[in-house]
Each structure stands twice: as structure tokens, then as C-alpha cells.
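First up is the structure itself, then whatever we jot down about it.
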Amino acid sequence: MTTITRAEPVTRTPYVGRAVDRIDGTAKATGQARFAAEHHYPGLAHAALVHSTVARGRITAIDASAARAVPGVIEVLTHENAPAMKPLGKGGPIDLSAMASGTNVDYLATDEVHWNGQPVAVVVAETPETARYAAGLVKVTYQELPSVVDFAAELPNAVPLKNSMIMEHNAEKGDAESALAAAPVSVDLTFTTPPLNHNAIEPHTTTAVWDGDKLTVHEPSQCIAFLRKHLAKRFGVPEPDIRVLSPYVGGGFGGKGSVWPGTLLAVLAARATGRPVRLVLTREGVYRTVGGRTPSTQRVALGADEQGRLTALIHTSVARTSRIGGAPEPITSASRHLYAAPNILLRESGITLDLLSPTFMRAPGEAIGTFALESAVDELAWKLGMDPIELRLANLPERDPVGGQQLTRRTLRQAYTKGAELFGWRRRDPRAGAMRDGRLLVGMGVATAYHPAMILPASVTVRLHADGTVVVRCGMQEMGMGAATAQAQIAADELGVPLESVRVEYGDSDLPDGPMAGGSVQTASVAAGVIAACAKVKKEVLALARRVPGSPLRGHRLDDLHARDSGLHHAGGGQTYADILTAAGRDHVEAAIKSGMLGFVLRTLRDRRRYVKAATAVHFCEVRVDPDTMEVRVARWLSAFDAGRIVNAKTAASQMRGGVVMGIGLALSEQTLVDPRNGRIVNPSLSEYHVPVHADIPRIEVHDVGVPDPTMPLGVVGIGEVGITGVAAAVANAVRHATGKRVGDLPITLDKLL
Ligand code: MOS
């Protein structure tokens, strides 16, 4: 176990790589951190949503008289009286975030219903209780229209997805079907995964305050820059007149990466009533108005020679979007990069349903794609009578299997070898059902985790004060993963100052635009800006020093100098920042790095042609299965991971563990149940949608076997999502070992094993 009991004393650099306590930890642990729904305004009113009860149709009548009659109700907004919002339009980053939420629906401007649960009215009242009570009194009648809501029934109508610049859905190398047919050993398996919903502890909330035509919004968001753009378009207000504040986010996981109707309706309600309005979604409200993960049906077929060398790899998938939008998940993404098969066929298709659009959720694509791929690889190992680790090691690629690009680093061999040793893989009896712990069946499973490494543009300013303190500013998001702490560590190292003298400002749209906290991109993206800004600051400081007669830095170039002890130094001497700035009569030095979208896109495309880079891991899982009830319990877990250079050993380990916990939910318990008759989610609560709790999770050991990525800023690769990938397969493979049964249909509930 990466032993992280407490942070080392923060008195020496470098900070990067160390286990540093989160700088926002004290504020959160002591309750001083004010989350989005904890900001009070005089005259604050509260909103509640009325959800449609049909999947598709038109509202024929709304009777809000009973709701309006409730004392304390300020207004009931429906399509009959709500002010109009402007259409979102198209183009640029708006498309990127809108593609995952379908927010171009004209909420409350139309009588059309697009999904079961769509908000059809908003009640604004003096208290949240009054608003919710009155919302229950609004009577809506509909003319229902035919709807398509049953994913399984629509499988025959799946439409092939086309490759786009953002997402590649298809690939073909050689003739995989013929190679499969000719292979001496093969498997051809079908996998299904259910729809899933977001369940961040903090539900989605919006507090909207208009001051004339200026708007302030408090909302937990994974992308405040996008949110501000959306609001500017929808409400016809220039971006600078909108301020989005999101310093604390109580969990995002992809669910707070897009703009959902509650946000727009809270802002609309505030404008219509002239009052500051807060909307806090109920748990049910989150299920009804915030998208989740698509269900999937997948086929993985593998052909191999007798030595276990792959000759064919086929992975096809069907996912869903919605008639109002939604992002198709790149389900076959990992299958493109992990195995050196000479013949590869990857195909993704989509089904369009009359449901709320699906969205980003916990490694979209890879989380469920690796379940299918890594289950199939395991099954092939059974057929070959080969150890599943040996099989994988026999098929590691030298270059990218499909594109032929250079792999910037690939440490899976080390991860498998080291992980197997630490986990005690040798103790595994290769026969199914042969290991016991008392009366319980014991199973050991292994699987590969994969998530691509990406970055997005991030603008950053760094200011160095004469008193030696540093302020890093970036409108990035801190959802509890340690984003701000990591950047403080990096800035402290770059400038050679103590960590406690660095303050990081984030979560405010008035700051320079940060990237989305999604796709595991944030740490590396912001690091690039922080490093560049610090370099500019040091350059300016040196320029100031050179002007001071007698400065020991005169005649030196930045390359010769070392930033340490709050100053610039060389072998023969140095000077503190405080001395330099004071001598120069300066209060501070500031540098800004502005990263634009165009240059970024060009660099990304060039980079993609040359390199394939990713975070990878190997998960080792041991389960206990009750032979009578077939209840599965995860008993031991170990993950050996490579996420490039680790900035903070403590928060990185937590990210990995969090991913494993989410993966165990995916494997064993989570599923959204949709009524196939009317598209209504029937289990919109934590009592019926089962996320893992402490009692379900064993100690999770995590080991860093990584090396810095030579093509990423500081060698950093995002670690936010890789942890969940591969987990469901590791569990399924352990269950297969314990019971002899291959379950390809998630979640692995006991009925599927009996
Ligand atoms: Mo993530 S699912 O990119 O927030």
C-alpha cells in the first residue's frame, strides 16, 4: 500500500511528487467552505421543478391554480407565462459541452415534451418546502405522442457512428472476420451494461442573482467557462456581465460538465420574479434532469494461435443518444490501443431514444468498453489454458496497433509483473472453483485499465509579490480531487518558494479561463500554463535584478539560475525575490499565459498523428462468493498504475481508489431501471440505486509504477478516470475463477450466478 498517513512537513522543495495535504482540506473539514447552495442573499426565493410524466407529447393544459393559492408561492412559471430564452446556436466550445446535454431544448417556451421527467413548470416560493409542496399541486395534462424508449428493443435499428475530429468510433486493420474464422482458438462474446446515473453527494444546485442585466450564478460546475458561455447566449447578456462562482464542487464525475435544465430555469425564474432564486435538485430531480451513462451492448471476438498470440480482435458496440442530443461514448477506445493484433475491427453504433440525453460519466467509453474487452481476453485465456497475465504479456504492442504511432510510454509489463508479485498472484490455483476460504469460493481476477491522456487550453496568471507570496489564478474547478493543491505544488517548485506562500484562486469565471475538469485533462492542462507563467515571472524578475547595480544576478541568464529559497541563485550567489522587487521599487511581478483554442487544436492534431499516450493500470481483484446465495464480495484489491509523473502522491492515490470504488459499483450493484413502457426512471433514489458503501469496499492498495510522459507538461498524465476502467472486468474475471461462470451482463447480481 502506498503508505500515506500524513503529509511530510512542507519545508523543502521539490513539492511535486510528495504526499501533500489538500490546501482546501481544512476549510472543508471545518465547515468553513461554503458550497454553492450555501450563499444567502436578501430576498432569496426557492424554486422547485415539476417533471413531465410522459416520454413524448404535448402539454394540452396546465392547472397551476392550486399551487398559486399556497401561501408563500411567488410565481408558477409554465410555457404559458415564462419569458423566452434565446436558442443556444452552434459553434465552438458551445458544441462541445452541448453535445453532452442537449440543452438546446426550449424549456418553458414550448408545449413539447422530449423525455419523461422534463421540467414543465417551475414553482418559486419563499421557502424550499413551500416550493416543493406547491410543485406537487400543479396539474399537467398531455397529449402523448409515440415514443421510442426501450434500448434493447431498438438494437436492430442501431445506426453506425461516423468518426469525427473529437471522437473516433471505427477502425479497421486487415481482415479481422476472416482471421477470426481461421483462428485455431477463439472467443466470440456479447456483453451488456445498464444505464447508470450520477450520484454526487452534492446534488446540482443553482443560485441565480440578477442585478439589472448583470448576473451572478453560484453553481457547482466542472466547466465554469462553458457555463458562462451558455448563460450569455441563452439570456442575451455579454459574457463579462456574468459571473459564475464555483469554488467548491461536491463531486462531479462528468455530471456537472454540461448545462442541465435546472440551471437555466433557476436563472429564468430569477429574471421573471425579480428575486434571487435558489434551486436545489432533489435526488430524484438529479435523475430526471441530469443525464447519466448510456446502456451498451457489445461484441468482443478474439482469435489467437495456440501460443496465445492474437490474430484477430473485433469489438463492436451499440450505445444510445437522445433525440435532443447526447454524446456517443467511445466504447471501443481501449481496444484500439492495448493489443498487438494484426487484424482489428472496431465499430460503434448508436440508437436515438426519447429519453434525457446521456452525458459524460466516469470514464465514458473506456469504463464499459474495458469491461467487455478485458472479460473477453480473460475468457480466451481460459480457452487456451493459459495464465491471463501471460496472455496479455504475449500481446503487448510495440507501437499503436491501429495507427502505428509511437507509444510515449507503456509500462503495463512492469505493472503486471510488479502487481502480480505484490498481490500474490502465484497463490492462484488456475482451476475454476478450486480455491476456498472456509465455505466461501475464492476467485482471483486481473484486468487492464486504460484512459487516453489529453490536454485542453488553460489560461493562467501568476503574480509574485514583494513579500515573497505568490498567487496563481485560473478559472479551473476543484471537485475534491486536489486540483488546486497540485498547482500550488507545481508553482512552489517552479518559483522555489515554500508551499504555504502560494495561494491558488480558482472556481470563478472572472479568473482567466480554465479547462473543463473532465476527460482527466485538468492537472496537465493547467500545469502547462502555471509552468509557462512562472518562467515569465522569473524572466521579468531577472530583468529587474540586472538593472540593480551590484546585483549578484547581473551577467547571468535564466538557464544558469536555480529558483530556490524564494529567490534566484547560482553557485556563486543569489538574491531573494523580495530583495529584487524592493530594490526595483516594485510591489509585484505578474505574468499571464493565454491559451487559445485554434493553436491548441492544431497542436493536438499534430501530436495525435505522432503519439499515443495514456494512463494505464492493472487491477488485481480477489472475491469471495457464497456458494449458496452466490453473493459476491470483493475481498482484496490492488492496482498498479502509471499516470505519468505524480504531482501529489496522496491525492493521486485517492483518485485511483475512488475510481476502483466506482468500478465496483459498476461491476456489482449500480443500474438505472427505465420503464420500457414510458421511459420513466423507476429507481431515482439511493435506496434503490445501489452505490457501494464502506462495507462493500476492502482496503485498496495502489502502487505507482509510472514514468513521466515525455510529451506532457511536467510529464503529467491525468489520473481522474483511469482508475474505474478495467475494474468491472477484474471483478467479472475473479467471479469466473471462483464460480466457473462468465457473467457478461452488468451488474453481476446473484440471480445471474444461481
Ligand atoms: Mo469526466 S466523465 O470527463 O468528468
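Karplus-derived 3J(HN,Hα) values for segment 460-473, using 6.51 cos²θ - 1.76 cosθ + 1.60 with θ = phi - 60°, are 9, 10, 10, 10, 10, 8, 4, 7, x, 7, 10, 10, 9, 10 Hz; glycine and proline are entered as x. Backbone amide hydrogens, once placed in the peptide plane, bring residue 57 within less than 5 Å of 113, 145, excluding anything fewer than 5 places away on its chain. Under a 5 Å amide H cut-off, with hydrogens placed 1.01 Å from N, residue 51 pairs with 120 among residues at least 5 apart or on other chains. The smallest convex shape that holds all Cα atoms of the chain, its convex hull, gives 163 Å³ per residue. Annotation for residue 421 and residue 340: the two label points, set 7 Å from Cα along the Cα-Cβ direction, are 2.3 nm apart.
Kirkwood Rh over Cα pairs of segment 109-221 into Stokes-Einstein at 37 °C, 0.692 mPa s: D in µm²/s? Translational D for this selection: 155 µm²/s. Here's the list of lysines a cross-link from residue 538 could span, going by alpha-carbon distance under 22 Å and ignoring same-chain residues fewer than 8 apart: 594. Each residue of segment 186-202 is assigned a 3J(HN,Hα), and the resulting list reads 7, 10, 9, 10, 10, 10, 9, 10, x, x, 10, 10, 6, 9, 4, 4, 7 Hz, derived from the Karplus form 6.51 cos²θ - 1.76 cosθ + 1.60 (θ = phi - 60°), x at Gly and Pro. Size of segment 389-468 from its Cα atoms: along the principal axes, largest to smallest, the extents are 68, 41, 19 Å.
Rolling a 1.4 angstrom probe over the protein heavy atoms, how many square angstrom per residue are accessible across the chain? Per-residue value: 37 Å².
Amide hydrogen proximity for residue 706: with H placed 1.01 Å from N in the peptide plane, the residues at 5 or more positions away or on another chain lying under 5 Å are 643.
For every other residue with a beta carbon closer than 9 angstrom to the beta carbon of residue 679, add +1 if it is Lys or Arg and -1 if Asp or Glu, then tell me the sum.
Residues close to residue 679 contribute a combined charge of 0.
Which percentage, to the nearest 5, of the DSSP beta bridges contained in the chain is antiparallel? Percent antiparallel among DSSP bridges in the chain is about 75. Coupling constants for segment 566-578 follow from the phi torsions by the Karplus curve (6.51 cos²θ - 1.76 cosθ + 1.60, θ = phi - 60°), and in residue order they are 6, x, 10, 9, 9, 4, x, x, x, 8, 7, 4, 4 Hz; glycine and proline get x. You can think of it this way: the chain between residue 309 and residue 500 has 63.4 nm of extra reach, that is 0.36 nm per residue less the Cα-Cα gap.
Can you give the charge dipole size of segment 608-670 about its Cα centre, rounded to the nearest 20 debye, using +1 on the beta carbon of Lys and Arg and -1 on the beta carbon of Asp and Glu?
So the dipole magnitude of segment 608-670 works out to roughly 760 debye.
With the charge dipole of segment 403-505 set up from +1 on Lys and Arg Cβ and -1 on Asp and Glu Cβ about the Cα centre, the Cα lying farthest toward the positive end among the listed residues 456, 406, 497 is that of 406. Straight Cα distances below 12 angstrom link residue 86 to the aspartates and glutamates 106, with same-chain residues fewer than 8 positions distant left out. Give the residues of segment 659-689 whose amide nitrogen is closer than 20 Å to a point set 7 Å from the Cα of residue 157 in the direction of its Cβ. Under cut-off, by backbone N: 674-681.
Relative to the current alpha-carbon distance between residue 434 and residue 629, full extension at 0.36 nm per residue lengthens the span by 68.4 nm. Applying 1/(1 + (r/R0)^6) with r as the Cβ-Cβ distance of residue 407 and residue 576 and R0 = 45 angstrom yields a FRET efficiency of 0.55.
Paramagnetic label reach from residue 696 (point 7 Å along Cα→Cβ; backbone nitrogen cut-off under 19 Å): within segment 611-645, residues 620-626, 629-638. Here the simple spin-label model places points 7 Å from the Cα toward Cβ, and for residue 687 and residue 141 these points are separated by 3.3 nm.
Within the shell of other residues whose beta carbon sits under 12 angstrom from the beta carbon of residue 714, the net charge comes to -2, with Lys and Arg scored +1 and Asp and Glu -1.
With contacts taken as Cα pairs under 8 Å and at least 6 residues apart, the chain reaches a relative contact order of 17 percent. Counting only residues at least eight positions apart within a chain, or on another chain, the aspartates and glutamates with an alpha carbon under 15 Å from that of residue 383 are 188, 305, 306, 374.
Helical content of the chain, expressed as a calculated mean residue ellipticity at 222 nm, amounts to -8000 deg cm²/dmol (DSSP H runs of 4 or more residues, -39,500 (n - 2.57) each, divided by residue number, nearest 500).
Summarising the label geometry, the points placed 7 Å from Cα in the beta-carbon direction at residue 165 and residue 58 lie 3.9 nm from one another. Applying 1/(1 + (r/R0)^6) with R0 = 30 Å to the Cβ-Cβ distance of residue 606 and residue 398 gives a FRET efficiency near 0.85. A dipole drawn for the chain from +1 and -1 charges on Cβ atoms has a positive end, and of 73, 566, 653 the residue lying farthest that way is 566. Keeping the other protein chains in place, figure out the carbon and sulfur percent of the accessible area of segment 484-635, with a 1.4 Å probe. Carbon and sulfur atoms account for 51 percent of the accessible area of segment 484-635.
The values are calculated or read from the model by the stated rules, or taken from the named source; none is laboratory data. Every value quoted in this text rests on a predicted model; they were computed, and no experiment measured them. Positions of Cβ are generated from backbone atoms using ideal geometry, with glycine treated the same way; all protein chains shown enter the neighbour counts. Heavy atoms of the whole protein, side chains included, go into the accessibility calculation; ligands, DNA and RNA do not. Shrake-Rupley method; radii C 1.70, N 1.55, O 1.52, S 1.80 Å.
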